[in-house]
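Where a number appears in this text, it was derived from the coordinates with a stated rule and is not lab data. None of the values given here were measured: they were computed from a predicted structure. All Cβ positions, glycine included, derive from the backbone under ideal geometry; neighbour counts span all protein chains shown.
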Amino acid sequence: MTCEDAHLNMHDYISGELDAEHYKHLLDHMDECPNCREFFRQTEHIQSTMRDFLQYDAPSELQTAVSNILANA
Amino acid sequence: MKSKRRKSFEKEVLCHLDKLFGYAMHLCRNSEDASDLVQDTYLNALKSEKQYSLGTNAGAWLFTIMRNTFLNKMRKMSRKPTGMAGEWIEQMTRDDIPELSKHGPDPGVKYLDNLLKQDITRALDNLPEEFKDAVVLCDVQGFSYADIATILDVPIGTVRSRIHRGRFILRHLLADWKNVAMGGG
């Protein structure tokens, strides 16, 4: 596996879209390639940070308004 | 008296409220407009209720309605949603830029472990809309490529490519800023 292929597979893995066979090839490649290992770690970190930071709870006024929309339909 | 179908429908659509508000915040960038968009989305969902089969993918269905509602609103206001992409981002998003397909190692990136919310928000704001949409739907909202293809009305291959490229640009934006902020060279 080339580094280019590894990066494509990494993105698919982080998206939850990589099958087991490609995942195994990716792990084999990362065992041998410290640059790809570090790229993977950082990319995964950016994604998880983004997910943690950008979660929102709907304000209570909005919850009420939506409940009313559904109740009055 | 509500029908059994209506009760099930309400239950299935209501559990996506927080996620819809999150996506609306991403589209509108302020809480007031986001709340209006969420309400319009539910009103439009009710109008299209018959098109929805219970027990299928309410999340993707609602997000599609939200996006279309938002785009229609933008069209009426005659302004296109745009990112603040600089010229270099335009270049980075072109198909023939070798760096994009090579993804070579960049050992100079040292400061990506100390990310702040403002870093992430600013970087996302600087992504072109098409990339930002795909990245937010995948990385923040957790949708599959197939669901994102439905929501954005583009082929799955395009979704995949936009997510890869979007993350790539995001990473470089963050790396550049953090490098400057941390005094790196």
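Taking the number of other C-beta atoms within 10 Å as the exposure measure, put A:15, B:78 in order starting with the fewest. Don't skip to the answer; put the middle values down first.
Values: A:15 23, B:78 6.
Ordered from fewest to most neighbouring Cβ atoms within 10 Å, A:15, B:78 come out as B:78, A:15.
Within a 10 angstrom radius of each residue's Cβ in A:17-25, how many Cβ atoms of other chains show up on average? Whole number is fine. It would help to have the intermediate numbers written out before the result.
Numbers: counts 8, 0, 0, 0, 0, 0, 0, 0, 0.
For peptide A:17-25, the averaged partner shielding equals 1.
Greater than 25 Å separation of Cα atoms is the criterion. Which listed pairs, B:7/B:73; B:11/B:76; B:50/B:73, meet it?
B:7/B:73; B:11/B:76
Please report the equivalent ellipsoid semi-axes of chain A, computed as sqrt(5 x eigenvalue) of the Cα gyration tensor, largest first, in whole Å.
41, 14, 7
Averaged across the residues of B:16-25, what count of C-beta atoms belonging to other chains lies within 10 Å of each residue's C-beta?
Values: counts 1, 6, 6, 3, 4, 7, 5, 2, 3, 3.
Mean partner-chain Cβ count within 10 Å for B:16-25: 4.
Take chain A, connect every pair of alpha-carbon atoms lying under 10 Å apart with a spring to form a Gaussian network, then pick out the residue of A:47, A:55, A:63 with the largest mean-square fluctuation.
In this elastic network of chain A, the residue with the biggest mean-square fluctuation among A:47, A:55, A:63 is A:63.
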